[in-house]
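*Asks:* The structure follows.
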Amino acid sequence: MRPVFILVLLLALSACGPRVEGVPEVSLPKRFAQDRGNYTLPSPPERWWTLFGSPELDGVVREVLARNHDLRRARFRLAELAARLRVARARRFPEVNLAFSGRRTRNTLVEAPEFNFIFGEFRTQAQVSYEVDLWRKLSSGEKAAYFEMLSAENTRLALAQSLVAETVSEYLRAGFTLCELDLLSREIRTAETRLRLLRKRLAEGLLSASALMEEQARVAALRAQDLALQRSLEESLQKLQLLSGVYPSGNLRLREARRVCALDLPLPPPGLPSRLLRRRPDIRAAEARLKAAAEKVKIARAARFPRLLLTAEEGRVSNALKDLLQKRNRIWTLTFGLTQPLFNAGRLGAEERAAREVLREAREEYLKTVLTAFKEVEFALLSEERLRGILRETRREYADQKRRVVFARERFRAGLLDLPRVLAEEMTLFETQRKLLEARKDLLLNRVFLFKALGGDFGFPEKEGT
């Protein structure tokens, strides 16, 4: 009865396992510190980029979500971990194997070479083996595999968030660059006209050479800005092509990109800080990695305790193949094996300590991910106020300069002001208008960053996750 008692005791203790720390609690405020309540949307939509109303932008985002190589790699990684989960789950079930073997041997007696005999043996058997999940090692392995797959799925969603935000940002940069190039080309034409007039005045002795050289340097600076903007536009186009998984030739044609210069992206509400923990896929991924690390600690701990393996075999054996399946040739075996590690030079203990350190590392990564998420939202909300102020003051500057141009033209028509001075005021107006475009672009890019920081679902056309 003693072996039976030991077996029952081991099965009773199989529910026991090492205690590990769970997901740490994070102290959260009731609301974001920079939430001013001046948002223009009731809630953050899932496909927020459609608020621009640009079919071209929607098509570019679809291309990125469908063809981006990083997203494809993340999908294959998810499929790999799903297969590993099935492997871990299969270990908890009995394993059945069927074997068939046969041999024939001819032997000759040394003392009597004229006598020899042929011996044959054929064997078929079914073997069932099952490892009793003592200390919940196998169930912890399945949970760890599940949490790793869950982490991969949320990492894929976080990657999609980043790619969409980057795509929209580059599209905005390209659109505003095109608008700025249009303004700059008009400013350059105005500057060149003014330069021609100043050269005539220099020839008439009405202008100093230093003033003319100063104007030439200004025109050269404007042409340099034009080249820099063209380079920036080509870089944005190349990035969009690279995100879409095509060759980055830089010859992408954006027919509607200039429309974004006059559009607006409404400000989404940040919601409650506690909801951000569920909305952000990178936080969910870090939480899943933390739980997987906790299960691996249990696996490493359970490896130091006894392992119980049950095996059952049933088959047939015969010296003739035709008699193999007869009942009299039946064989069977029932065995159990109990293995307790005694000496391994501290390897199992070191593996458990390593697993616990990985758990601590995952815990710190989770806390950092949470704080980084809140920092991004708070920074975007704070930047919203600052960028709104910059845009407001730039609009005032533009309105004042526009009045100065109207006043200069009236004085020119009255003969009180020369044409080069009027052109100089118009050039300043173009420059102020470009500053206004820059302020609007910065505000829209910050709102794109805020949408990304708040998280969300992208509704992939194919459900490839759990």
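*Asks:* Among Ala293, Tyr366, Ser318, whose Cα sits farthest toward the positive end of the charge dipole of the stretch 275-368 (+1 at Cβ of Lys/Arg, -1 at Cβ of Asp/Glu, about the Cα centre)?
*Replies:* It is Tyr366.
*Asks:* Additional query: Once every Cα of the stretch 258-400 carries one equal point scatterer and solvent is ignored, give the base-10 log of I(q)/I(0) from the Debye formula at q = 0.18, 0.20, 0.21 Å⁻¹, two decimals.
*Replies:* -1.08, -1.17, -1.22
*Asks:* Summarise the accessible area of the chain (1.4 Å probe, protein heavy atoms) by the percent that is carbon and sulfur.
*Replies:* 55 percent
*Asks:* Let me make sure I get this right: for the chain, a, b and c are the square roots of the gyration tensor eigenvalues over alpha carbons, sorted descending. Under 1.5 in a/c it's rounded, otherwise prolate if a/b > b/c, else oblate. Which is it?
*Replies:* Prolate shape, in that a/c is at least 1.5 and a/b is the bigger ratio.
*Asks:* Given DSSP loops and a limit of at most 15 other Cβ atoms within 10 Å, what is the longest stretch of the chain that contains no such GluC sites (Glu not before Pro)?
*Replies:* 257-461
*Asks:* Check the straight Cα-Cα distances from Lys441 and name the lysines below 24 Å, setting aside those fewer than 8 residues away within the same chain.
*Replies:* Lys239, Lys375, Lys402, Lys452
*Asks:* Something else: For the chain, give the magnitude of the charge dipole about the Cα centre (Cβ charges: +1 Lys/Arg, -1 Asp/Glu; no others), in debye to the nearest 20.
*Replies:* Charge dipole, the chain, about its Cα centre: 640 debye, nearest 20.
*Asks:* Also, I was wondering about something else. Apply the Karplus curve 6.51 cos²θ - 1.76 cosθ + 1.60, θ = phi - 60°, to the phi angles in the stretch 22-39 and return the couplings in whole Hz, x for Gly and Pro.
*Replies:* Working through the residues one at a time gives x, 5, x, 7, 10, 6, 10, x, 6, 8, 5, 5, 9, 6, 9, x, 9, 6 Hz.
*Asks:* Moving on. Assuming R0 = 30 Å, what is the FRET efficiency of Arg307 and Ile331, from their Cβ-Cβ distance, to the nearest 0.05?
*Replies:* That pair, Arg307 with Ile331, gives E of 0.70.
*Asks:* Quick check for you: with a 1.4 Å probe and neighbouring chains kept, what is the accessible area per residue of the stretch 369-451, in Å²?
*Replies:* 52 Å²
*Asks:* How far is it, in nm, from the label point at Ala345 to the one at Leu419 when both lie 7 Å from their Cα along the line to the Cβ?
*Replies:* Rounded to a tenth, the inter-label distance reads 9.3 nm.
*Asks:* Could I ask something else about it? Rounded to the nearest 500, what is the 222 nm mean residue ellipticity of the chain from helices alone, with -39500 (n - 2.57) per DSSP H run of 4+ residues and division by all residues?
*Replies:* -22000 deg cm²/dmol
*Asks:* Checking understanding here: applying a Kyte-Doolittle mean of at least -0.5 and a length along the axis of at least 15 Å (C-alpha), which whole DSSP H helices in the chain pass?
*Replies:* Span-like helices, by this rule, are 2-13, 55-67, 69-90, 137-203, 209-243, 281-302, 419-454.
*Asks:* Could you report the stretch 212-351's accessible area per residue, 1.4 Å probe, as an integer in Å²? Intermediate results must be reported in sequence, preceding the final value.
*Replies:* Values: 8210 Å² over 140 residues.
That works out to 59 Å² per residue.
*Asks:* Given a Förster distance of 45 angstrom, what is the FRET efficiency for Thr40 paired with Val87, based on the Cβ-Cβ distance and rounded to 0.05?
*Replies:* Efficiency for this residue pair is about 0.35.
The values are calculated or read from the model by the stated rules, or taken from the named source; none is laboratory data. Everything numeric here is computed off the predicted structure, so don't read it as measured data. As a convention, Cβ positions derive from the backbone with ideal geometry for all residues, glycine included, and neighbour counts pool all protein chains shown. Accessible surface is based on the protein model in full, side chains and every heavy atom, while ligands, DNA and RNA are left aside. Shrake-Rupley method; radii C 1.70, N 1.55, O 1.52, S 1.80 Å.
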